[in-house]
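Before any comments, here is the structure.
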Amino acid sequence: MLTIEGLGVSAAARPLLRDLSLEIAQGRTLALVGASGSGKSTACAAALGVHAGNLEVSGQVCLDGNPVPPDRLRGRVVASILQNPRSGFNPLRTMRDHMRETCRALERPWAEDTARHLLAEVGLEDPDRVLGLYAFEMSGGMLQRVAIALALLGGAPFLFADEPTTDLDLVVQARILDLLERSRDRARLGLLLITHDMGVVARLADEVAVLEAGIVVERGPVGQIFHAPRHPVTRMLVAAHLALYGKELPA
Ligand SMILES: Nc1ncnc2c1ncn2[C@@H]1O[C@H](COP(=O)(O)OP(=O)(O)OP(=O)(O)O)[C@@H](O)[C@H]1O
C-alpha cells in the first residue's frame, strides 16, 4: 500500500494544495479529479519530488507505512507519466537510448523484445523504426505513447499517470486504457490516475477523490461518485460528463 500523507504545497506562502492524504493499493485505481487549476498536477509532481523549484512542499509518501524519500520512490516504486511528454526526452538521444537508459537506471536487463512489445501495445506501428527515432521526429501523441511504454518498462508496482490519454485520439485512448487496465489486473499495478475526463474515470477508477482549490472536497467509490455525487464540484464534473451523452444528473 502506498500512502500520500498530509501533502501540502505553497508558492510564496500562497497554498496550492492543503493536507492531501491518499491511499493507493496494488491492483486498484484511485482517480484524482478536479477542474483545471485545482491542483492535480501539482499534487502528483510534489509527491514525486519533481515540482517546480519555487514551491514549498510538506508531507510524506509511505510504502507499507514506511516513509520513502522521493528519489527512492521514483522509478523503482512509482513509475510516472507526467504532462508535457516532449520535455521529458533528451533531444540528442533516440527512443532506444531512452528505453535502454530506463532499464540501466533501474538495474534491469535491457530486452529489446520487451521494448518492441510495449511500443506495439501502446499502438505504435513499426516499433523497430520508432526505437531509432529522436523526439523531434515524433508527434506529441507518439511521444506520449513512448512515455507510457517507458513507464511500464520498469515494472514498478505503482504508476502515477497525469492525464495519460489527453492528447491521443479516441482509438489510441481506448487502447491505452485497456493496457493500463490489463497492467493493473495482471501485474497488480496500483494506479493513481489524474484526470479531468470523467469518461476515463468511469472506465478505470475504483475510488475517486475530488479536488477543488487544493482541497479534497469529496471522495468515495466510483459508483457513489457517479450515482450520488454530493459536492457541487463533483456534481458539475458528473453532469458535464453525462451531458456528452444527452443525459442529466437527477436532482
Ligand atoms: N510553480 C508554480 N508557482 C506558482 N503557482 C503554481 C505553480 N505551479 C502551479 N501553480 C498554480 O497551482 C494551481 C494548480 O495548478 P495545477 O497545474 O496543479 O492544476 P491542475 O488541476 O493539474 O490543472 P490542469 O487540469 O489544467 O492541468 C494553479 O493555480 C497554478 O497556477
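Throughout, read-outs are computed from the coordinates displayed, never taken from laboratory work. Every value quoted in this text rests on a predicted model; they were computed, and no experiment measured them. Cβ atoms come from the backbone with ideal geometry, glycine included; neighbour counts cover every protein chain shown.
At 20 °C and a viscosity of 1.002 mPa s, what translational diffusion coefficient does Stokes-Einstein give for region 126-251, taking Rh as the Kirkwood radius over Cα pairs? Give it in µm²/s as a whole number.
132 µm²/s
Would region 72-140 count as rounded, prolate or oblate if I go by the C-alpha gyration tensor, calling it rounded below 1.5 in a/c and otherwise prolate when a/b exceeds b/c, oblate otherwise?
oblate
Which order do TYR134, TYR245 fall in if you start with the one that has the fewest other Cβ atoms within 10 Å?
Ranking TYR134, TYR245 by Cβ neighbours within 10 Å, fewest first, gives TYR245, TYR134.
7 Å from Cα along Cα→Cβ at both ARG230 and TYR134: what's the point-to-point distance in nm?
5.5 nm
So how do 146-152, 76-82 stack up, highest first, on mean other-Cβ count within 10 Å?
Result, highest mean first: 146-152, 76-82.
Taking the beta-carbon count within 10 Å as an exposure proxy, list LEU191, LEU63 from fewest neighbours to most.
By the 10 Å Cβ count, ascending: LEU63, LEU191.
Calculate the translational D of the chain in whole µm² s⁻¹ from Stokes-Einstein, where the hydrodynamic radius comes from the Kirkwood formula applied to all Cα pairs, the temperature is 4 °C and the viscosity 1.567 mPa s.
Answer from the Stokes-Einstein relation: 69 µm²/s.
So for region 61-168: antiparallel DSSP bridges make up what percent, rounded to the nearest 5?
The answer is about 40 percent antiparallel.
Cα centroid distance between region 156-173 and region 181-229, in Å?
13 Å
What are the equivalent ellipsoid semi-axes of region 1-129, built from the alpha-carbon gyration tensor (square roots of five times its eigenvalues), in whole angstrom, biggest first?
Listed largest to smallest, the semi-axes of region 1-129 are 30, 17, 15 Å.
Place a +1 charge on the Cβ of each Lys and Arg in the chain and a -1 charge on the Cβ of each Asp and Glu, then give the dipole magnitude about the Cα centre in debye, rounded to the nearest 20.
Dipole of the chain, to the nearest 20 debye: 180 debye.
To the nearest 20 debye, what is the magnitude of the charge dipole of region 92-155 about its Cα centre, counting +1 on the Cβ of each Lys and Arg and -1 on the Cβ of each Asp and Glu?
The calculated dipole for region 92-155 is roughly 180 debye.
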